[in-house]
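Colleague: First, the structure itself, so that you have it in front of you.
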Amino acid sequence: MELRANFQNIKRMTAKRKTQLFITCSAILVGLIHLFFPSLKIDAIFITLIIVAIVPWLEPLLKSVELPGGLKVEFQDLKKIEDEAKKAGLIKPENKHAELDTDTNANVDTYSFIEIAEKNQELALVGFRIEVEKRLRNLADKYSIESNKFSITKLIEALNNKEIITKAEAKSLKDIIHTLNYAAHGMDYDIRNANWVIENGPKILESLDEKLENRSGRFSVGHSNEKEHWIDKSFNNCEWETNYEWGECIKSHSELWNKEMNNLYQSLLKKLPEQQKEKLIATQQNWEKQLEIEKDFLYSFEDLQFKIGREGMFVTATNFMNKIRERSLELEEILNRLID
């Protein structure tokens with residue numbers, strides 16, 4: 001891993017060095033043109049065209065550059081960040097019946113950063129950053145990650161390492177936090193960033209709240225507005241055309257449920273008193289043993305695929321995935337409802 005990191009650093013240094021060499025050579029070339037053609041008229045238009053030609057090469061070194069006339073070139077691609085957030089599930093598609101969704105509208109009204117947005121955008125951005133960090137730290141506490149040991153960026157990485165948040169979500173959140181830090185530290189920021197965050201902030205917070213949702217139904221009565229688990233959402237959004245792609249979707253989400261179950265189990269072990277911890281270990285071992293017995297029995301039929309077909313094999317794999325899902329949700333409810 002260290003060797004890989006060193007290699008990436010060398011690549012970044014190489015790209016930076018190439019950029020520096022290009023800029024130096026360009027400056028020398030312009031100087032030689034001026035030396036051999038002193039009568040050549042150099043006006044504001046000529047200078048602007050030179051800057052425009054060099055700007056793309058400055059991206060590894062600068063965030064933005066001012067051109068004559070006050071035009072500001074921004075390297076941060078807000079549309080790309082928005083697309084990443086939508087793909088990661090942090091920003092949901094627009095609800096065609098949003099005007100009927102009173103719960104969502106009520107939640108938006110409670111966000112203080114929305115209320116002050118018209119008067120003080122910088123303060124609104126700082127408020128939104130606080131709301132994001134609060135939810136991420138609550139999420140870490142749920143899974144017994146000592147959040148006080150991490151900066152917000154490192155906390156995002158820690159959550160991603162346990163796959164509590166996906167890689168796509170982690171990248172999107174880092175990009176958003178990077179933008180919010182400009183306001184939090186009193187630095188200059190593009191007003192488009194402020195408008196974008198204010199518009200999309202409530203949607204992002206709602207997605208983070210879903211990961212903190214107290215889902216019920218195993219030991220208590222379910223709620224009609226219960227939020228969908230993010231792994232369920234990801235599985236339901238799987239796009240596949242071939243049996244291979246279907247199988248890969250089932251396999252990858254089975255692994256996600258396994259990791260989610262283990263994260264919840266490990267968190268419970270840290271929170272429970274010793275006597276209950278022993279009982280939890282016993283029940284988990286029995287559950288795992290029973291699942292393996294069922295798999296061993298079913299897959300012992302050598303002609304299983306011939307008898308139930310390829311599609312039947314995928315349905316069987318999905319059923320085993322759902323057993324892990326149910327155990328995960330069971331552990332989650334114990335964690336959320338039965339532990340003080």
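Colleague: Starting from the residue with the highest accessible area, list 257, 287, 196, 240 in decreasing order, probe 1.4 Å.
Modeller: Largest accessible area first, the residues go 240, 287, 196, 257.
Colleague: Determine the gain in length on full extension of the stretch residue 303-residue 141; use 0.36 nm per residue of separation and subtract their C-alpha separation, reporting nm with one decimal.
Modeller: Full extension of this stretch gives 53.6 nm more.
Colleague: Which pairs in the list 86/149; 87/171; 167/203; 251/277; 92/142 are over 22 Å apart, alpha-carbon to alpha-carbon?
Modeller: Too far apart for the 22 Å limit: 86/149; 251/277; 92/142.
The values are calculated or read from the model by the stated rules, or taken from the named source; none is laboratory data. Keep in mind the model is a prediction, meaning the values are calculated, not measured. Just so you know, the surface numbers come from the protein's heavy atoms only, side chains and all, with ligands and any DNA or RNA stripped out. Shrake-Rupley method; radii C 1.70, N 1.55, O 1.52, S 1.80 Å.
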